[in-house]
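The values are calculated or read from the model by the stated rules, or taken from the named source; none is laboratory data. Since we're looking at a predicted model, the values are computed, not measured. Don't worry about glycine lacking a Cβ; one is built from the backbone with ideal geometry, like all the others, and counts go over all protein chains shown. All accessible areas refer to the heavy atoms of the entire protein, side chains included, with ligands and DNA or RNA removed. Shrake-Rupley method; radii C 1.70, N 1.55, O 1.52, S 1.80 Å.
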Amino acid sequence: MATAGLVLACRSGTAQPVNAWVAAPANVSATVRAAPDFTPGPEVFAKLATPAGRTEFVQTFCVGCHGIKTKTAGLVLEGLPADKLPDHADIWEKVIKRLSAGEMPPASIKKRPDPQVVHAMVASLVTGLDRAARKNPVVARTVVRRLNRTEYGNAVHDLLNLDFMFVDDLPSDAVAHGFDNIADSLSMSPLLLESYLKVARRVADTAVGEGDASPVTDRYLATRSQAVWQGEGMPFGTRGGIQVKKYFPRDGEYDLRAFLNDADLTPVEGVRFFHIRVRVKAGLHTIIVTFPDSRARSEGPIPNLPGAGGAPLGGPIDVKGSAIRPSLMMLLDGRKLKVFEIGGPEAGEAVSAGSGPPTLARAEITGPYNPGPATDNASRRRILVCTPRNAAAETPCAERILSILLRRAWRRDVTPADVKPFLAAYAKARPRRNFAGAVSVGLRDMLVSPGFLFRLEFDPKTVKPGQVYRVGDFDLASRLSFFLWSSIPDDQLLEVAARGQLHDPAILARQTRRMLADEKAAALVDNFGAEWLTLKGGEHELAAFKPDAAAYPEFDTALRDSFETEAHLFLRSIWRENRSIMDVVNANYTFVNEKLAANYDIPGITGVGFRRVTLPADSPRGGILGMGAVLMPNSHTTGTSPIYRGKWILTNLLNSPPNPPPAGVPPLSAAPVNGKVLTTREMIERHRANPFCATCHARMDPYGFSLENFDVMGRWRTKDQGGPIDATGTLANGQKFIGLKGLKQLLNDNPEIFVSATISRMMTYALGRPVDPREMPAVRAIARKAAPGYRFDDIVLGIVNSFPFTMKTATGSQS
């Protein structure tokens, strides 16, 4: 939010800056008071810019609820000094957020300020806090951060040119403040360290092709819907199955096996297990197991045979009335290996069996059998940059290899002393392993070294504890690469850092734009975006939600997968096209396939593939708030939840989460009144009639009510329990809006609220810690500079150049 340039909405509808009000005609007294006919004037605005004016505003409008005795919502403003704002930045930032959002003072309060006075009070607080931050920026404590398992896998890939296939061997990371890369939650236990040691050994041996050649079985469960085409990489004209990317450690023969779900087949339906042995060269390969469905589609389904596979493909029959025996197909790198016929019942049996087409339970790959020697591959070439011609050349060659790897792994220049322990591990292993195998032992130790596994930043000896200083170029390079790529810096970024040029704003911007243009920047969308919108992780994770089957029989997992794909493609379009962050809520397009279009009642879409569609002007959708990926998991399994949806908007879009409910809050009652079944809104309004519940619900419910036209599955509706839906939301200050359209208008009338909240969430992800209230001036500075377009790249560049990102508070030790 701007300081002198903060825009206020005048009664006439004209937007003017704060300083324009100071120059307005003097026609009112300088007393800050509230009355319906009170017209603010220049003396009032001038006074609000002073500590005395701020104190009078608080005393007049706030202490009735937020006094020492009342302590409403745990917030005490009585006696809070208004002349030293930074000393109580945490409280004043809450005041700014509540006033800006129209949440204070509530409409029930008799003494209420004119909206222009409220805006001026906000501007006064913002001006004071931002001015202090420019003079003395405060940077919160930087915490040592372990790489989460996504970052670890990406780092391994970029270090060794090896696809990381061992993510399931590492435990899931805890989520804190909405993200799984928060430093305080990334602890290291002996058990976790053991997991990293095992993974490091497998990675090192696989990378140089010197691993154990004894057969090993890898199992891959089919977790996605088996009723539809599985998407990119799968052959068209197929449904269900699984796609596996596996790094084969040696040339050799491998058994590929597919297991069908027994529950989908009756005892007379034949084979459930299929097997083929093929010779595969070492390296990364893609294995596909799927079901051809083109023949089944052409013949149509048998009635009453939906099964787990879904009704559209249940029980196809041929022209003679006999059940078509479905088939299973295996492919290697797109090449068809074999098509297996699956035994099935005749037509009469199919109709009575009650089961559907077969579905895949899992695939297994076992090998190698008859393995060949280690062969050349991309990872081995990346590692073995030299080949010793004789025994005397081995140690210098190993030192060169390990030095190059260590510089990339530790993300900084290294010394011979740094390399020494890893060279010693090589030397110890050399008598019992060949040259490449001994190098892999040094690499293994490198992958569990603190310099690789943790984000370490050391304070220079020249700074004192508590001093705020600009981080070194290598630390800045790591901050940048893990923010944008969730991985280590590449060689170009390291070279720029080594030359001491990354602190130059022009070069930092150039490197940032280069990295945003790289495909690896998809990690920012896939990791930050998915967790920001709770597509993965969080209390209401999309993947964990399943509507009640009786209430929503049309739901299947394929629809849930479609919701996720729609949101994923949508967020990627914001990044790729460098669109405005406001398009997250405003966009007039989305991505659908036939199944999703039918759910949304969008006509003219056929086929399993996703395509971009422009929504008509009168569409009730547009933006993330009209998507099932948000609407469905923020519901109850049997009906919508304005409470969950409102909480989600407050937490994720406005970065203003409500307080946790106190103990003893009564549950929402669905009991009828005088025999009348209540709508969801009526149940909530009865619930919030309890003063104990009203305070929290006054913040959440208005936003949730505006989305009531969307049912649990995101479908448009006009009635709930037979009664008309009232999608009106009323904020605590009395401001009303209706439906998603009204909510969008509310957000667009004050875009800096949503933009600043989004910046705060993205900065939390970038820093690996929550944004400290004393760092909010940096957030507002980014929003001001990015206005009015608020484009994605400008937001990212603002974060990268901000003082929380480029600076650090010295602790006197590593931090």
- Task: Calculate how steeply helix 691-705 sits against the longest principal axis of the alpha-carbon atoms of the chain, using the helix alpha-carbon long axis, and give the answer as 0 to 90 degrees to the nearest 10.
- Result: 60 degrees
- Item | C-alpha center-to-center spacing [region 730-799, region 415-473] in angstrom | 40 Å
- Message: For the chain, take the longest principal axis of its alpha carbons; what is the angle in degrees between that and the long axis of helix 89-100, to the nearest 10 within 0 to 90?
- Response: 80 degrees
- Query: Hey, got the dipole for region 58-134? About the Cα centre, +1 on K and R Cβ, -1 on D and E Cβ, debye to the nearest 20?
  - Reply: 200 debye
- ARG510-LYS719 pseudo-label distance in nm [points 7 Å out on the Cα-to-Cβ vector]: 6.6 nm
- ARG470-THR415 pseudo-label distance in nm [points 7 Å out on the Cα-to-Cβ vector]: 2.5 nm
- Message: Can you find, among PRO396, ALA409, TYR644, the residue sitting farthest towards the positive end of the charge dipole of the chain, where Lys and Arg contribute +1 and Asp and Glu -1 at Cβ?
- Response: PRO396
- Over region 61-137, volume per residue of the alpha carbon convex hull, in Å³: 92 Å³
- Peptide ranges 251-257, 699-705, 222-228 listed from the most packed, as the mean C-beta count within 10 angstrom indicates: 699-705, 222-228, 251-257
- Item | Contact order relative to length of region 32-150, as percent, for alpha carbon pairs under 8 angstrom and 6 or more apart | 32 percent
- Given unit charges at Cβ for Lys, Arg (+) and Asp, Glu (-), the dipole magnitude of region 693-737 about its Cα centre in debye, nearest 20, is 80 debye
- Query: Dipole of the chain (Lys/Arg Cβ +1, Asp/Glu Cβ -1, origin at the Cα centre): which of ALA543, VAL584, THR462 lies farthest to the positive side?
  - Reply: THR462
- Message: Using +1 at the C-beta of Lys and Arg and -1 at the C-beta of Asp and Glu, which of PRO137, ALA200, ILE91 has the Cα lying farthest in the positive direction of the dipole of the chain?
- Response: PRO137
- Note on the structure: Among LYS97/LYS546; LYS536/LYS647; LYS461/LYS808; LYS245/LYS520; LYS520/LYS546; LYS69/LYS110, the pairs whose Cα-Cα distance exceeds 26 Å are LYS97/LYS546; LYS520/LYS546
- Which of (1) 1.09; (2) 0.98; (3) 1.01 gives Rg/Rh (Cα atoms, Kirkwood Rh) as computed here? It is (3)
- Note on the structure: Only helices counted: for the chain, with every DSSP H run of 4 or more residues adding -39500 (n - 2.57) and the sum spread over all residues, [θ] at 222 nm is -11500 deg cm²/dmol
- Item | the chain - percent of accessible surface contributed by carbon and sulfur, probe 1.4 Å | 54 percent
- What's the center-to-center distance, using Cα atoms, between region 95-164 and region 531-553 in Å? 28 Å
- Message: Given a Förster distance of 51 Å, report the FRET efficiency between THR638 and ASP83 from their Cβ-Cβ distance, rounded to the nearest 0.05.
- Response: 0.40
- How much accessible area per residue does the chain have, in Å², with a 1.4 Å probe? 43 Å²
- Task: Please work out how much length the chain gains when fully extended from ALA424 to LEU193, using 0.36 nm per residue of separation minus the C-alpha to C-alpha distance, in nm with one decimal.
- Result: 81.0 nm
- Ordering of 614-624, 783-793, 474-484 by packing [mean C-beta count within 10 Å, highest first]: 474-484, 783-793, 614-624
- Item | Net length gained if the chain between ASP376 and LYS741 were fully extended (0.36 nm per residue, minus Cα distance) | 125.5 nm
- Query: What length, rounded to one decimal in nm, is gained on full extension from ALA543 through to ASN161, with 0.36 nm per residue of separation minus their alpha-carbon distance?
  - Reply: 134.4 nm
- Between ALA174 and VAL448, what is the FRET efficiency for a Förster distance of 35 Å, r being their Cβ-Cβ separation, to the nearest 0.05? 0.95
- If every Lys and Arg gets +1 and every Asp and Glu gets -1 at its Cβ, then about the Cα centre the chain yields a dipole, in debye to the nearest 20, of 1600 debye
- Message: Sort 388-398, 361-371 by the packing proxy (mean of other Cβ within 10 Å over each peptide's residues), most packed first.
- Response: 361-371, 388-398
- Query: Helix 149-160 versus the longest principal axis of the chain: what is the Cα-based angle in degrees, 0 to 90, to the nearest 10?
  - Reply: 50 degrees
- Task: Normalise the Debye intensity by I(0) for region 420-579, one equal point scatterer per Cα, no solvent, then take log10 at q = 0.12, 0.13 Å⁻¹ and round to two decimals.
- Result: -0.82, -0.89
- Message: Would any residue of region 754-769 have its amide N under 13 Å from a label point 7 Å out along Cα→Cβ of ASP184? List them or say none.
- Response: 768-769
